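Enquirer: Questions regarding the structure given below will be posed in turn.
A short reminder: the numbers here are calculations on the coordinates, not readings from a lab. Bear in mind the structure is a predicted one, so any value in this text is a computation, not a measurement. Cβ atoms come from the backbone with ideal geometry, glycine included; neighbour counts cover every protein chain shown.
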Amino acid sequence: AQSVTQLDSQVPVFEEAPVELRCNYSSSVSVYLFWYVQYPNQGLQLLLKYLSGSTLVKGINGFEAEFNKSQTSFHLRKPSVHISDTAEYFCAVTLLRGNTPLVFGKGTRLSVIA
Amino acid sequence: DTGVSQDPRHKITKRGQNVTFRCDPISEHNRLYWYRQTLGQGPEFLTYFQNEAQLEKSRLLSDRFSAERPKGSFSTLEIQRTEQGDSAMYLCASSSGTGSSPLHFGNGTRLTVT
């Protein structure tokens, strides 16, 4: 079965600094990968997804992620963060074939400091 | 697209009572998912429907939990004889039904069992 590991539970960063949130997945077959963001007391919102093709995918709010098959990683990056980016970020994986539900990591809390 | 709506937003109940939550998915989406999220964790899959058929249930879903989607539109999740360990955020999501389709989440129902 597929699984996701988010290596950092909390990431504090100063406003306008770059940030990288790390995600590694485990699967013996091809996967689809997603990043979601959750603001306080809200549901999850899709940031970006990797399905196929270019390994660098761009999402909303200036975020991007790079799929690295050899390292089984899908790290999320933003070159300059804002206070409004403070939220919980979840990496998720599902299998390319079959009807497997989305499996989420435990999340990374991004705190942007003024 | 009015989004996924969940009702109620918050529910406080005493141990041993039954509770029921409702989810209204995006109207054209044929798949509906239930996830549970506890503090500091990512969403954990509970069950999902394709139209009115319940296709998969997690082993997290004990016999006290039951979900229905009678006409392939809204869904209900019932928890019987609630326990303190059931306290969590219950998230509903819908999608258009392929593995590459992202999930659209509601804002969740927060259950507190006292």
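Enquirer: Per residue of A:40-51, what is the mean number of Cβ atoms on other protein chains within 10 angstrom of that residue's Cβ?
Expert: The mean count of partner-chain Cβ atoms within 10 Å per residue comes to 5.
Enquirer: While we're here: Average partner chain C-beta neighbours within 10 Å, per residue of B:29-42?
Expert: Mean inter-chain Cβ contacts per residue within 10 Å come to 3.
Enquirer: Follow-up. From Cα pairs below 8 angstrom and at least 6 apart in sequence, can you work out the relative contact order of chain B, rounded to a whole percent?
Expert: Reported as a whole number, the value is 37 percent.
Enquirer: For labels at B:Arg64 and A:Ala1 in the simple 7 Å Cα→Cβ model, what's the distance in nm?
Expert: With each label placed 7 Å out from Cα toward Cβ, I get 2.1 nm.
Enquirer: Measure off 7 Å from each Cα along the Cα-to-Cβ vector at B:Ser5 and A:Asp8, then give the distance between these two points in nanometres to one decimal.
Expert: With each label point 7 Å from Cα toward Cβ, the separation is 3.9 nm.
Enquirer: Something else: Express in nm, to one decimal, how much length is gained between A:Gln45 and A:Gln71 on full extension, taking 0.36 nm for each residue of separation and deducting their alpha carbon distance.
Expert: Contour length minus the Cα-Cα distance gives 6.8 nm.
Enquirer: Okay, next question. Using the structure shown, list the pairs from A:Lys58/A:Lys106; A:Lys106/B:Lys11; A:Lys106/B:Lys71; A:Lys58/B:Lys57 with a Cα-Cα distance above 27 Å, or answer none.
Expert: The pairs that break the limit, which is 27 Å between Cα atoms, are A:Lys106/B:Lys71; A:Lys58/B:Lys57.
Enquirer: Continuing with this model, one more query. From Cα pairs below 8 angstrom and at least 6 apart in sequence, can you work out the relative contact order of chain A, rounded to a whole percent?
Expert: 38 percent
Enquirer: Once you list every other residue whose beta carbon is under 14 Å from the beta carbon of B:Leu32, what net charge do they have if Lys and Arg are +1 and Asp and Glu are -1? Present the calculation step by step, with values, prior to reporting the outcome.
Expert: Numbers: positive: B:Arg22, B:Arg31, B:Lys57, B:Arg69, B:Lys71; negative: B:Asp24, B:Glu28, B:Glu52, B:Glu56, B:Glu68.
Counting the neighbours of B:Leu32, the net charge comes to 0.
Enquirer: What whole number of Å gives the distance from the Cα centroid of region A:4-73 to the Cα centroid of region B:87-109?
Expert: 18 Å
Enquirer: How big is chain A on each of its three principal axes, counting only the C-alpha atoms and giving the largest first in Å?
Expert: If we take the Cα atoms of chain A, the spans are 44, 29, 22 Å.
Enquirer: If you don't mind, another one. Could you state the number of Å between the C-alpha centres of region A:93-111 and region B:17-68?
Expert: So the separation of the two Cα centres works out to 16 Å.
Enquirer: Right, another one. Need one number: % antiparallel among DSSP beta bridges in chain A, to the nearest 5.
Expert: 85 percent
Enquirer: Which percent of the Cα-Cα distances in chain B go past 19 Å?
Expert: 40 percent
Enquirer: Right, here's the next one. Once you average over the residues of A:31-39, how many Cβ atoms of partner chains fall within 10 Å of each Cβ?
Expert: Going residue by residue through A:31-39 and averaging, the value is 2.
Enquirer: Calculate the spin-label point distance for A:Ser28 paired with B:Thr38, positioning each point 7 Å from the Cα along the beta-carbon direction, and give it in nanometres.
Expert: So the two model labels end up 2.9 nm from each other.
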